[in-house]
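Colleague: Structure in structure tokens, see below.
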Amino acid sequence: MNELKGKIGFGTAPLGNMFRDIPEEEAITTVETAWNNGIRYFDTAPFYGAGLAELRLGEVLAKHNRDEYVLSSKVGRIILDEKENPSDRELGEKGGLFEHGRDNKVINDYSADATLRSIEDSLKRLKTDRLDMVFVHDIAQDFYGDEWLAKFESARTGAFRVLSQLRDEGVIKSWGLGVNRAEPIEMALELEENKPDVSLLAGQYTLLDHERSLQRLMPAAAEQGVKIIAGGPYSSGVLVGGSHYEYQEASSEIIEKVQKMKDIAQRHGISIKAAALQFILANPAIGAVIPGASRPERIAEDQAALKEVIPASFWQEMLEQKLIAENAPLPIAGHD
């Protein structure tokens, strides 16, 4: 995964007007700030604002040498010229996620033909000639409920085969799943053929929520040499002052747990952002972490958080308070 060019990337879901209507200038400036701060890995998806995030990202990246950055997008959803009310989209647990995005109709389709069309459309919106990594988007319980296994099977016989072929031909470097649940990635790792060599897991390997991923996914990924890119490192924002957890309003229990973590961080003189990012990157199966940002000032905060020195006593207290799993790799010498 050397192509990730550094351990921290930029997740563009917020640029699709997730939760709020972001002015165009602010969105563009945020991407430019990421570039100027040395970030060279950018992840996006057609789903983010019905193409809005890709369009905004493309505006900035088109000004730069394509060989200087790594780019990933996703397949599984086609964006049509036809219009619809974004609030009416059926998004499982994620209702209203991009109601401030474009009103183009979004179609779910994991077939071979749709996969090729999705890539072609993304390339146009991104103003580029290639994607480095492609993720099959959201074939999981949070979007499809009881139908998720059928969606997974559709992708296995469609998108997985096409992406494996594109990888074999050198058209893309890697492919995998881009999901908010560990189980689909675990299933993909057990396949005999057309297997991913990287995957993006959002919100399920974080300081706040990591026990499930440590049971099977992380050991299996490490054993197979499949790198996991961690999205949503701040648990939809609740770790860093936001009110959302897993894209919904956070419960009082979650808010209470976060407050305990913040109190410990404050006692040890560190930022919760530093703890969140460094915790994730301590796991050897993690290839990169991609915080999302919709405000330029957040980029510098993320970069500074990576460099903060966190005393071992902070992690010790987190363990004593049972706020992190005992088997979690930690950024302490000799602890993994």
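The values are calculated or read from the model by the stated rules, or taken from the named source; none is laboratory data. Computed from a predicted structure; not experimentally measured. Cβ placement follows ideal geometry from the backbone for every residue including glycine, while neighbour counts extend to all protein chains displayed. Note: accessible area is taken over every heavy atom of the protein model, side chains too, but ligands, DNA and RNA are not part of it. Shrake-Rupley method; radii C 1.70, N 1.55, O 1.52, S 1.80 Å.
Colleague: Could you give the nm distance between label points at residue 191 and residue 112, where each point is 7 Å from its Cα heading toward the beta carbon?
Modeller: Inter-label distance under the simple model: 1.3 nm.
Colleague: Same structure again: Calculated from the structure, Rg/Rh (Cα atoms, Kirkwood Rh) equals which of (1) 1.02; (2) 0.94; (3) 0.98?
Modeller: Matching the structure shown: (2).
Colleague: Working out 0.36 nm times the residue gap between residue 103 and residue 295, then minus their Cα-Cα distance, what length gain in nm do you get to one decimal?
Modeller: 66.8 nm
Colleague: I want the antiparallel fraction of DSSP beta bridges within the chain, as a percent rounded to 5.
Modeller: The answer is about 20 percent antiparallel.
Colleague: Pairs to check: 7/195; 74/273; 105/273; 83/124; 195/257. Give those whose C-alpha atoms are more than 30 Å from each other in this structure.
Modeller: 105/273; 195/257
Colleague: With every protein chain in place, what's the accessible area of residue 193 (1.4 Å probe, Å², nearest 10)?
Modeller: Per-residue accessible area (residue 193): approximately 120 Å².
Colleague: Please give me the summed charge of the neighbours of residue 216: other residues whose Cβ is under 14 Å from its Cβ, Lys and Arg +1, Asp and Glu -1.
Modeller: Charge balance in the 14 Å sphere: -3.
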